[in-house]
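Report on one structure; see the data block that follows.
The values are calculated or read from the model by the stated rules, or taken from the named source; none is laboratory data. Only a predicted model underlies this, so the values are computations on that prediction, with no experimental measurement involved. Glycine gets a Cβ as well: all are built from the backbone with ideal geometry, and neighbour counts include every protein chain shown.
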């Protein structure tokens with residue numbers, strides 16, 4: 001009987017030396033090899049360019065002469081936002097190794113997050129000259145079915161994803177909903193999208209030591225930070241666009257969350273190298 005378990009490789013070198021049955025964890029990603037026939041990786045949160053550079057370097061193990069043709073599972077269901085520079089790294093990897101990937105990867109299943117983020121991730125493969133057949137799914141089970149892979153890997157891979165990401169599935173799903181619907185979403189609409197009652201949603205969030213109000217404020221803050229990096233618009237306008245009632249409310253919340261005023265944070269964020 002097949003054993004559906006993976007052990008941590010610890011370092012990229014150890015993973016490259018013997019990938020089968022192991023996984024490698026980086027900032028916002030986990031890369032694993034369930035068997036010689038099934039490789040894959042999961043992304044969560046908001047992985048940046050540096051993380052994707054690490055992942056791209058690790059992915060080269062699939063191009064080794066000793067690695068047989070195989071299928072690939074890419075699980076982005078816990079992804080909260082897309083960093084264009086990060087996905088540029090993956091796009092470059094596919095372009096540079098297009099011919100080799102054609103020989104090594106027979107098909108790729110993408111498990112996408114809900115909402116706008118999911119649409120953006122799915123679009124990544126549509127604009128790319130994919131070297132293999134690709135199909136998007138909303139869950140790991142159907143993705144494994146399409147890959148004609150061992151269905152017994154479904155639960156272990158989902159458990160690994162939850163363990164290494166440190167994000168409970170419900171919390172990640174809520175964050176994806178808030179990212180897709182916008183910062184003015186109310187708890188009723190969010191609960192409806194998640195297929196829960198308001199009471200159940202609030203109770204389960206409390207079990208995770210958070211609340212809808214906390215998560216909504218977190219999303220508003222993320223939107224505000226993105227707008228401050230990308231726009232020269234006045235702070236009052238950005239605060240309202242991000243869902244805050246006023247500039248004063250935004251400034252107080254921002255200082256509490258970051259320890260800096262919005263003006264100081266905006267200046268520092270633009271001074272940092274991209």
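If you go through the range 214-242 and pick out every residue that is closer than 19 Å to residue 84 by Cα, assigned to a loop (DSSP other than H, G, I, E, B) and touching a residue at least 24 places away in the same chain (Cβ under 8 Å), you end up with 0.
Every residue, every condition in (1) in a loop (DSSP other than H, G, I, E, B); (2) surrounded by fewer than 21 Cβ atoms within 10 Å (Cβ to Cβ); (3) touching a helix residue (DSSP H, G or I) at 6+ places or on another chain (Cβ under 9 Å), yes or no:
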{"site": "16", "(1), (2), (3)": "no, yes, yes"}
{"site": "30", "(1), (2), (3)": "no, no, yes"}
{"site": "33", "(1), (2), (3)": "no, no, yes"}
{"site": "56", "(1), (2), (3)": "no, yes, yes"}
{"site": "60", "(1), (2), (3)": "no, yes, yes"}
{"site": "67", "(1), (2), (3)": "yes, yes, yes"}
{"site": "81", "(1), (2), (3)": "yes, yes, yes"}
{"site": "85", "(1), (2), (3)": "no, yes, yes"}
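Residue 100 meets all of the listed conditions (1) surrounded by fewer than 17 Cβ atoms within 10 Å (Cβ to Cβ); (2) more than 18 Å from residue 83 (Cβ to Cβ); (3) under 18 Å from the mean Cα position of the chain (by Cα) but one, namely (3).
Checking the structure you have, find out if any residue of the range 129-137 is part of a helix (DSSP H, G or I) and in contact with a helix residue (DSSP H, G or I) (Cβ under 6 Å, 6 or more places away or on another chain). Within the range 129-137 (the criterion being part of a helix (DSSP H, G or I) and in contact with a helix residue (DSSP H, G or I) (Cβ under 6 Å, 6 or more places away or on another chain)), the answer is no, since none of the residues qualifies. Do the conditions hold for residue 28, that is, is it over 18 Å from residue 150 (Cβ atoms), touching a strand residue (DSSP E or B) at 6+ places or on another chain (Cβ under 6 Å) and free of Cβ contacts under 8 Å to residues at least 60 places away in the same chain? Spelling it out, residue 28 is indeed over 18 Å from residue 150 (Cβ atoms), touching a strand residue (DSSP E or B) at 6+ places or on another chain (Cβ under 6 Å) and free of Cβ contacts under 8 Å to residues at least 60 places away in the same chain. Here the condition is being farther than 30 Å from residue 112 by Cα, free of Cβ contacts under 8 Å to residues at least 40 places away in the same chain, surrounded by fewer than 17 Cβ atoms within 10 Å (Cβ to Cβ) and not assigned by TED's automatic domain parsing to the domain that holds residue 78; of 261, 210, it holds for 261 alone.
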